[in-house]
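Enquirer: I'd like to ask some things about the structure below.
Every number in this text was worked out from the coordinates using simple rules, so none of it is lab data. As the structure is a computational prediction, the values presented were derived from the model and not from experiment. Reconstructed Cβ throughout: ideal geometry from the backbone, glycine too, with neighbour counts over all protein chains shown.
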Amino acid sequence: MANLTRFEPFRDMMSLRQAMDKLFEDSFVRPAGAGLTGAASSGVALDMFETESDVVVKAELPGVKPDEVDVSVTDNILTIKGEHKEERESKESSYYCKELRYGSFNRSVRLPASVNSDKADATFENGVLTLTIPKAEESRPKQIRVKTGKMIEGEKKE
């Protein structure tokens with residue numbers, strides 16, 4: 001005698017929907033290798049903030065030597081690029097996991113203010129490149145003294 005199973009038309013549709021959601025999430029939301037930072041596709045994770053007089057950029061470049069990095073500012077666009085060369089020790093190694101990144105990297109970002117790149121300062125410590133770029137004079141906030149409209153007797157107008 002044959003077993004009867006209840007017909008549920010949406011049971012398989014839900015699994016198809018879940019498969020499609022996973023496909024789109026893996027392909028577009030989290031590109032391959034993006035990890036938690038989302039910066040792996042560009043190769044350089046960074047923080048950028050500004051003070052009253054400077055724009056400061058901190059770029060994470062683990063395992064990269066300072067002489068492997070090229071930094072430039074053109075038309076208010078900061079570009080950090082370089083290459084991290086792989087050190088070959090053994091050609092007979094059988095890797096179980098190989099996640100360290102080697103090769104060229106490149107990241108370009110628009111700076112939030114006009115800067116004077118000729119006076120920029122760059123330091124590299126513990127795999128973090130810190131750029132301090134002074135703002136151009138026209139980008140710095142100007143203090144304007146506010147006077148009252150009422151003139152005091154004997155005071156000359158400036």
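Enquirer: Need one number: nm distance between label points at residue 8 and residue 109, each 7 Å from Cα along Cα→Cβ, rounded to one decimal.
Expert: According to this spin-label approximation, the distance is 4.9 nm.
Enquirer: If I model a spin label as a point 7 Å beyond the Cα along the Cα-Cβ vector, how far apart are those points for residue 136 and residue 85 in nm?
Expert: Going by the 7 Å Cα→Cβ label model, 3.8 nm.
Enquirer: So, one more: Residues in the range 66-85 near a label at residue 101, defined as backbone nitrogen under 14 Å from the 7 Å Cα→Cβ point?
Expert: 80-85
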